[in-house]
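Novice: Questions regarding the structure given below will be posed in turn.
The values are calculated or read from the model by the stated rules, or taken from the named source; none is laboratory data. What you see is a predicted model; the values in this text were computed from it and never measured. Cβ sites come from the backbone with ideal geometry, for glycine too, and all protein chains shown count toward neighbours. Surface accessibility is based on the protein's heavy atoms, side chains included, excluding ligands, DNA and RNA. Shrake-Rupley method; radii C 1.70, N 1.55, O 1.52, S 1.80 Å.
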Amino acid sequence: MRIPVEHRQSAHCENGAVATLLRCNGIDVSEPLVCGIGSGLFFAYLPFLTMGGAPVFSYRTLPGQIFSKAATRLGVRVVRRKFREPGEAMAELDRVLDLGIPVGCLVGVFHLPYFPPAYRFHFNAHNLVVYGREGDRYLVSDSVMEEPTELSRADLARVRFSRGAFAPYGHMYYVAGVQGAPDLARAARAGIRQTCDWMLRVPVPLFGIRGIRLVGRRLRRWPQRLGEKRAALVVGQIVRMQEEIGTGGAGFRFIYAAFLQEAAALLGRPALEDSSREMTQIGDRWRAFALLASRIIKDRHEGQETYDAAADLLLEIADREQQAFRTLRERAG
Amino acid sequence: MEKDKVPQHDMGLLDGHAEVLYAVDEQGRYTQVHSTGWDPKNAALLQALEWMRERLEEARRRVLAGELSPLAFHMERRMMDPKLLAEYAGVSARTVKRHLDPRGFASAPADVLARYAQALDVTPEQLREVPAAP
């Protein structure tokens, strides 16, 4: 049994899964549009969390929020389920598939057989769409892969119940219905407003522009406070969060610039093209930061001088983002 | 970033796959472009893998020196800590820690060892052994 689903590769798993499910319900939106409507772009410094021995940095909102916000703003009704054990979770998946409904699943990547081995960490917020079943094999549209893949029932159950932080507990989601005709322009505007608010106005020093500045200030002191080796590991973590977690390059900033191009047309506001260009330039500065950081990572740098340059670059990026989101807020109306 | 500047620094980390980046074409319009890798990103991942390799070698050394049980080696090999292994094996973290000690491990019940083995993707026999070299 195979539900007709068009597989499209995307940069980021949540954007891709959402776009796939929306497409199956007659709403054909690109990854950048999903990401923008879902207010996915963010920055967070979470020193109280650890991944691979280093603190967590995030360039996006919490897992699941792109989907929730996009669904709400597009008038899409969704059903979400979690389970205590794999038997129930697989039974419910089968039931919904048999109704001809493709199902999004949250999974951990550690036991995901088709994932490149070097990327199989204990990371649990990965999204894929199941769109069919042939005997023991489930048909999977995992949007970070170029082509559709398959999973055995045992493997799918295993990844749906991976353990650790953000353990999925068989979390699955699907579209139950669409209320009226989605107003893409209105959704895009709402998405922009929220992203600007979060980046500019969250009163917590760990988030948004303030978060970028905080990391810049701290980074300068890491060699003294943490020692060379650990400082380099933390810097490496920033680069991984910026570039490895399927961000489309520069911590979602390029995806966001692509979104702003689409929004310019949708909203009939050519000034958003300027915002798009500004966001591209900002993305380029993040990439420059990653290049500088890589010298620290590879231990081919000039000590404090390089850390200072990296810190200065982060402060420059913070200033640029602050300016860009302020003007974006005005231009979007 | 422009389309023709999208890096293709393939270090085999993507196992023959390519991921999607967003870059602008000649008209300044955004489009998806495949990338097989980028040097800073490869460097960061390799750094993380090297960090894990060092931890694994340290665990191996300590097991061979009799300071830790073989469980410590296999746990590290799967990048787990006691808490995560406990969750996968269905025991308490305290139990795992007890079994990281060589004497604790020696008196671990067979069914608990079987759970560890399954959680760590090894046989119970392999669980008791640690290769002397990588």
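Novice: When you check A:Gly236 against the structure, is it touching a strand residue (DSSP E or B) at 6+ places or on another chain (Cβ under 9 Å), facing chain B (nearest Cβ under 8 Å) and outside any helix (DSSP H, G or I), yes or no?
Specialist: So A:Gly236 does not fit the description; no.
Novice: Which of the residues spanning region A:289-310 are surrounded by fewer than 22 Cβ atoms within 10 Å (Cβ to Cβ) and either touching a residue at least 24 places away in the same chain (Cβ under 8 Å) or not in a helix (DSSP H, G or I) (or both)?
Specialist: A:Lys298, A:Asp299, A:Arg300, A:His301, A:Glu302, A:Gly303, A:Gln304, A:Asp308
Novice: Can you give me the ranges of the strands (runs of 3 or more DSSP E) entirely in region A:39-151 with at least 2 residues that are open to solvent by 10 Å² or more (accessible area, probe 1.4 Å)?
Specialist: Passing ranges, in order: A:41-51, A:54-60, A:76-81, A:126-134.
Novice: A further question on this structure: Consider B:Ala133 against the criteria (1) in a loop (DSSP other than H, G, I, E, B); (2) among the small types (Gly, Ala, Ser); (3) farther than 30 Å from B:Asp10 by Cα: it satisfies all of them except one. Which criterion is unmet?
Specialist: Among (1) in a loop (DSSP other than H, G, I, E, B); (2) among the small types (Gly, Ala, Ser); (3) farther than 30 Å from B:Asp10 by Cα, the lone unmet condition for B:Ala133 is (3).
Novice: Sticking with this structure for a sec: Could you list, ordered by first residue, the pairs with Cβ atoms under 8 Å in which the first is in region A:193-216 and open to solvent by 50 Å² or more (accessible area, probe 1.4 Å) and the second is among the hydroxyl-bearing types (Ser, Thr, Tyr) and not in a helix (DSSP H, G or I), at least 6 apart or interchain?
Specialist: Pairs found: A:Trp198/A:Ser39; A:Trp198/A:Thr61; A:Phe207/A:Tyr45.
Novice: Could you grab me the full set of residues in region A:64-89 that are of a type in the set (A, V, I, L, M, F, W, C) and farther than 16 Å from A:Asn127 by Cα?
Specialist: A:Leu74, A:Val76, A:Phe83
Novice: Taking the conditions exactly as written (buried (at least 16 other Cβ atoms within 10 Å of the Cβ), at pLDDT 95 or above and over 25 Å from A:Glu14 (Cα atoms)), does A:Arg221 satisfy them or not?
Specialist: no
Novice: Sticking with this structure for a sec: Against the definition (within 25 Å of A:Glu31 (Cβ to Cβ) and out of contact with any Cys (no Cβ under 7 Å at 6 or more places or on another chain)), how does B:Gln47 come out, yes or no?
Specialist: no
Novice: Next question. Looking at A:Arg285, A:Arg230, A:Arg277, A:Arg295, can you tell me which residue is among the basic types (Lys, Arg), within 23 Å of A:Phe121 (Cβ to Cβ) and within 13 Å of chain B (Cβ to nearest Cβ)?
Specialist: A:Arg230
Novice: Quick one: count up the residues across region B:59-83 that are within 13 Å of another protein chain (Cβ to nearest Cβ) and open to solvent by 20 Å² or more (accessible area, probe 1.4 Å).
Specialist: Counting residues in region B:59-83 that are within 13 Å of another protein chain (Cβ to nearest Cβ) and open to solvent by 20 Å² or more (accessible area, probe 1.4 Å) gives 7.
Novice: For region B:90-109, what are the residues that are farther than 21 Å from B:Arg60 by Cβ and either modelled with pLDDT under 95 or of a type in the set (A, V, I, L, M) (or both)?
Specialist: B:Val91, B:Ala93
Novice: Can you name the number of the only condition in (1) surrounded by 21 or more Cβ atoms within 10 Å (Cβ to Cβ); (2) among the polar types (S, T, N, Q); (3) touching a strand residue (DSSP E or B) at 6+ places or on another chain (Cβ under 6 Å) that A:Asn25 fails?
Specialist: It fails just one condition, (1).
Novice: Enumerate the pairs (first residue in region B:92-115 and hydroxyl-bearing (Ser, Thr, Tyr); second residue anywhere and in a helix (DSSP H, G or I)) with beta-carbon separation below 7 Å, excluding pairs fewer than 6 apart on the same chain, so at least 6 apart or on different chains.
Specialist: Close Cβ pairs satisfying both conditions: B:Ser92/B:Ala86; B:Thr95/B:Ala86.
Novice: Would you point out which residue out of A:Arg153, A:Arg137, A:Arg158, A:Arg163 is among the basic types (Lys, Arg) and either without any contact (Cβ under 8 Å) to a residue 24 or more places away in the chain or under 19 Å from A:Glu244 (Cβ atoms) (or both)?
Specialist: Matching residue, one of A:Arg153, A:Arg137, A:Arg158, A:Arg163: A:Arg137.
Novice: For region B:17-54: of the residues being open to solvent by 30 Å² or more (accessible area, probe 1.4 Å) and under 16 Å from the mean Cα position of the chain (by Cα), which is nearest to the other protein chains (Cβ to nearest Cβ)?
Specialist: Per the criteria, the residue is B:Gln47.
Novice: For region A:274-288, how many residues meet the condition of being hydrophobic (A, V, I, L, M, F, W, C) and either open to solvent by 40 Å² or more (accessible area, probe 1.4 Å) or touching a strand residue (DSSP E or B) at 6+ places or on another chain (Cβ under 7 Å) (or both)?
Specialist: 0
Novice: Being more than 9 Å from chain B (Cβ to nearest Cβ) and open to solvent by 20 Å² or more (accessible area, probe 1.4 Å) is the filter; apply it to region A:242-268 and report the residue that is nearest to A:Asn127 (Cα to Cα).
Specialist: Filtering first and then ranking leaves A:Ile245.
Novice: Okay, moving on. Tell me which residues, restricted to region B:1-16, are in contact with a His (Cβ under 9 Å, 6 or more places away or on another chain) and either over 22 Å from A:Tyr119 (Cα atoms) or surrounded by 15 or more Cβ atoms within 10 Å (Cβ to Cβ) (or both).
Specialist: Correct list: B:Val6 only.
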